[in-house]
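Visitor: Pasting a structure here, questions to come.
Every read-out reported here was derived from the displayed coordinates using simple, explicitly stated rules and does not represent laboratory data. Because the structure is predicted, anything quoted here is derived from the model rather than measured. No Cβ is skipped: glycine too gets one built from the backbone with ideal geometry, and neighbour counts run over all protein chains shown.
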DNA sequence: AAAATTGTACTATAATACTAGTACAATAAT
DNA sequence: ATTATTGTACTAGTATTATAGTACAATTTT
């Protein structure tokens with residue numbers, strides 16, 4: 001299920017800004033040649049992470065971050081940070097190296113904000 | 001396959017320092033009540049990431065980070081950093097928030113280095 | 001109210017991953 | 001050399017997951 005990553009990517013790069021509507025599950029299923037239920041599951045998982053919001057009969061939308069419960073939002077971030085830290089340390093990177101690598105990567109990708 | 005994460009965790013926390021030997025695939029398979037081939041696969045994947053080194057007939061060992069090819073090592077780090085950045089941005093975190101959250105998380109966990 | 005649009009639930013089928021058991025290959029110890 | 005130890009390859013069986021197709025539920029639009 002790397003579809004989740006692709007959707008997050010499209011959101012992160014601004015292709016789908018907050019409030020915008022994602023393709024319908026049927027549209028995306030046809031486009032990617034996968035099953036509508038699989039798309040639905042992915043949307044549901046991203047919804048439970050707070051990234052998306054679905055409304056029956058209307059569609060699936062990118063959630064405005066300010067509307068997300070801050071506690072849940074930070075919990076998700078902490079989880080992925082922990083995973084990152086563990087992987088980096090296991091590879092022998094120091095904390096300093098990790099921090100500077102993140103800064104460098106951010107600059108390279110030219111991310112706004 | 002969250003076994004990979006657990007092994008990385010044990011390495012990161014110093015339970016298995018560089019050069020130390022991991023349990024044999026059979027030992028770990030019995031202990032976790034899973035199949036030896038599954039353990040072998042996990043070991044192989046971690047080896048391809050550069051974290052482990054296996055030697056036929058001798059066992060599987062934690063690789064000394066200094067022995068890892070620096071290019072491959074940084075490629076792995078870049079990959080997980082990109083994943084982190086995308087997830088964080090999709091959740092509406094700014095780069096500044098991401099960096100400070102990482103610093104904070106590192107301090108909280110009291111990681112050496 | 002009726003029709004259209006969208007996400008979801010359900011069953012059956014196909015594909016994938018895991019398990020179990022065994023045999024083999026490479027290294028180390030005797 | 002022989003034996004023991006360790007990781008790997010292989011086949012077959014099981015379980016999990018994804019797919020396909022259909023029907024249903026909730027909302028919007030007409």
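Visitor: Mind listing the label-point distances from residue A:69 to the same position on all other copies, shortest first, one decimal in nm, points 7 Å along Cα→Cβ?
Guide: Here the equivalent label points are 4.6 nm apart from this one.
Visitor: Same structure again: In nm, one decimal, shortest first: how far is the label point of residue A:80 (7 Å from Cα along Cα to beta carbon) from the matching points in the other copies?
Guide: Reported distances to equivalent positions: 1.5 nm.
Visitor: Another question, then. Any chance you could give the angle, 0 to 90 degrees and rounded to 10, that helix A:70-90 forms with the longest Cα principal axis of chain A?
Guide: Compared with the principal axis, the helix lies near 50 degrees.
Visitor: Here is a follow-up. Which value in nm describes the separation of the simple spin-label points at residue B:35 and residue B:2, placed 7 Å from the Cα toward the beta carbon?
Guide: 2.1
Visitor: Further question: For residue A:67 and residue A:20, what does the FRET efficiency come to when R0 = 22 Å and r is the distance between their Cβ atoms, rounded to the nearest 0.05? Don't skip to the answer; put the middle values down first.
Guide: Values: r = 14 Å, r/R0 = 0.64.
After rounding, the FRET efficiency stands at 0.95.
Visitor: Distance from the Cα centre of the range A:3-43 to that of the range B:43-113, in angstrom?
Guide: Taking the Cα centre of the range B:43-113 as reference, the centre of the range A:3-43 is 28 Å away.
Visitor: Expected output is a single nm value to one decimal: the length gained when fully extending between residue A:10 and residue A:44, i.e. 0.36 nm times separation in residues minus the C-alpha distance. What is it? Please list the in-between numbers first.
Guide: Numbers: separation 34, 0.36 × 34 = 12.24 nm, distance 1.68 nm.
That works out to 10.6 nm of additional length.
Visitor: Based on the Cα atoms of the range A:3-64, what semi-axes does the equivalent ellipsoid have, where each is the square root of 5 times one gyration tensor eigenvalue, given in whole Å with the largest first?
Guide: Square roots of five times the eigenvalues give 16, 13, 11 Å.
Visitor: Let me check the size of the protein assembly as shown from its C-alpha atoms; what are the radius of gyration and Dmax in Å?
Guide: Final numbers for Rg and Dmax: 19.7, 61 Å.
Visitor: Going 7 Å from Cα along the Cα-Cβ axis for the label, what nanometre distances separate residue A:27 from the same residue across the other copies?
Guide: Label point to label point, same position, other copies: 5.6 nm.
Visitor: Along the axis that rotates chain B into chain A, which residue of chain B has the nearest beta-carbon, and what is the gap in whole Å?
Guide: In residue-and-Å form, the answer is B:84, 3.
Visitor: State the three equivalent ellipsoid semi-axes of the range A:60-113, derived from the C-alpha gyration tensor as the square roots of 5 times its eigenvalues, in descending order and whole Å.
Guide: After diagonalising the Cα gyration tensor, the semi-axes are 26, 17, 9 Å.
Visitor: Give, to the nearest whole percent, the P(r) tail of chain A beyond 24 angstrom, counting all Cα pairs. Don't skip to the end; give the middle numbers.
Guide: Details: 2354 of 6328 pairs.
Roughly 37 percent, once rounded to a whole number.
Visitor: Over all residues in A:72-85, what is the mean tally of Cβ atoms on other chains that come within 10 Å of each residue's Cβ? Could you put the intermediate results ahead of the total?
Guide: Details: counts 1, 3, 4, 0, 5, 10, 4, 1, 6, 11, 5, 6, 8, 7.
Mean shielding count: 5.
Visitor: If you don't mind, another one. What does the extension gain come out to for residue A:107 and residue A:58, with contour length at 0.36 nm per residue minus their alpha carbon separation?
Guide: Details: separation 49, 0.36 × 49 = 17.64 nm, distance 3.79 nm.
Length gained between residue A:107 and residue A:58: 13.9 nm.
Visitor: In degrees, nearest 10, range 0 to 90: what is the angle between the Cα axis of helix B:3-12 and the longest Cα principal axis of chain B?
Guide: Between helix and principal axis, roughly 80 degrees.
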